[in-house]
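Report on one structure; see the data block that follows.
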Amino acid sequence: MEEQTFNSKPQGDSLNNPFLQQNLPNSTTILVLGILSIVFCWWHLVSFIGIVLGISTLVLSKKEIAVYQAAPQKFTISSLNNVKTGRTCAIIGLIISVVVFFLVTLFLIGLLATLPFWGMIR
């Protein structure tokens, strides 16, 4: 019967070793900002915050994806997935924020335009 010994020290090239891979530097930040862009997209004045968060998340995620593509063996897949998820949340939050901001602004402009008409009803 053969005994197998397991070394606690990983073998092979350190760049290709999954035990020595690290997370992308801003992966958690991108995920949190992407989620916050969805949270802040539902009210008119607060939707502006959702727009800012969405745009900044997209810029950060583009930089992090470029860092990952430069040396994919150095970083974990889970951190790349966090970046992609944050980017997706940012796109969703940005779209909803822009639509809400635009529609509520049109509604308020329409409401202000009809104020003279309501004065004539009396």
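Kindly indicate whether any position in region 73-80 is over 12 Å from the mean Cα position of the chain (by Cα), exposed (fewer than 15 other Cβ atoms within 10 Å of the Cβ), assigned to a helix (DSSP H, G or I) and in contact (Cβ under 8 Å) with a residue 40 or more places away in the chain.
yes
State the number of residues belonging to region 17-68 that are buried (at least 19 other Cβ atoms within 10 Å of the Cβ) and among the charged types (D, E, K, R).
1
State the number of residues belonging to region 24-72 that are part of a helix (DSSP H, G or I) and under 12 Å from the mean Cα position of the chain (by Cα).
Within region 24-72, the first condition is being part of a helix (DSSP H, G or I), and the residues that meet it are 27-39, 44-70, 72.
Next cut, under 12 Å from the mean Cα position of the chain (by Cα) only: 27-39, 50-62, 64.
Qualifying residue count, region 24-72: 27.
For the condition among the polar types (S, T, N, Q) and closer than 19 Å to CYS41 by Cα, what is the one hit in THR114, THR85, THR76? First the steps, then the outcome.
Details: THR114 fails: closer than 19 Å to CYS41 by Cα; THR76 fails: closer than 19 Å to CYS41 by Cα.
Among THR114, THR85, THR76, only THR85 is among the polar types (S, T, N, Q) and closer than 19 Å to CYS41 by Cα.
Coordinate-derived values only; no laboratory data. These numbers were taken from a predicted model, which means no experiment stands behind them. Every residue, glycine as well, gets a Cβ built from its backbone with ideal geometry; the counts of neighbours run over all protein chains shown.
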